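S.K.: Structure provided below as structure tokens; questions to follow.
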């Protein structure tokens, strides 16, 4: 398996993966990714900005997500708790994972978790911690981040209320 930057050639497949992921969320009754986000433009921006990452096996994309080192504005307004680390908004010392999803072919095989672990390994050189958020009804994601040692830190607003997590990275 390879953890690498997404390319222009990957965009169509990633858009498909995100489409099917939003359908799975809808079928599970989770009101996340149901308002046209993320979309193709999100993926194109990720690729253009060098933050779109894929976990792949040969030419097959197993999982996709954005790994961002420039912070997340919504994380400045955490409510109901506090972050494990403090970060200057002009120079954040944390990485963020957004838009994490697994190919519909490989759901339940642990590739989202492997993506997270690869992202953490990549981030240890540049960040003190990793942050991620998810919808309150997305119990699968909540369970996965807990199994990886993330701590619930409070709530943020991204489209609507999201549960925000952080993990201090080990160097």
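Nothing in this text is a laboratory measurement; each read-out follows from the coordinates by a stated rule. As the structure is a prediction and not an experimental result, all values here were calculated from the model. Note: ideal-geometry Cβ built from the backbone for every residue, glycine included; neighbour counts use all protein chains shown.
S.K.: When ranked by the protection proxy of mean other Cβ atoms within 10 Å per residue, highest first, what sequence do the peptides 45-54, 143-152 form?
M.R.: 45-54, 143-152
S.K.: The list (i) 0.96; (ii) 1.06; (iii) 1.15 gives values of Cα Rg over 2.2 N^0.38 Å, and only one came from this structure; which label was calculated from it?
M.R.: (i)
S.K.: Taking 8 Å as the Cα distance limit and 6 or more residues as the minimum spacing, I'd like the relative contact order of the chain as a percentage.
M.R.: 23
S.K.: Expected output is a single nm value to one decimal: the length gained when fully extending between residue 147 and residue 159, i.e. 0.36 nm times separation in residues minus the C-alpha distance. What is it?
M.R.: Computed gain between residue 147 and residue 159 is 1.8 nm.
S.K.: Among 102, 124, 134, whose mean-square fluctuation peaks in a Gaussian network model of the chain (Cα, cutoff 10 Å)?
M.R.: Answer for the Gaussian network model of the chain: 124.
S.K.: Expressed as a whole number of Å, what is the distance separating the alpha-carbon centroids of segment 140-171 and segment 1-35?
M.R.: Cα centroid to Cα centroid, the span is 19 Å.
S.K.: Sticking with this structure for a sec: Can you show me the helix-derived [θ] at 222 nm for the chain, built from DSSP H runs with n ≥ 4 at -39,500 (n - 2.57) apiece and divided by the number of residues, rounded to the nearest 500.
M.R.: That calculation yields -9000 deg cm²/dmol at 222 nm.
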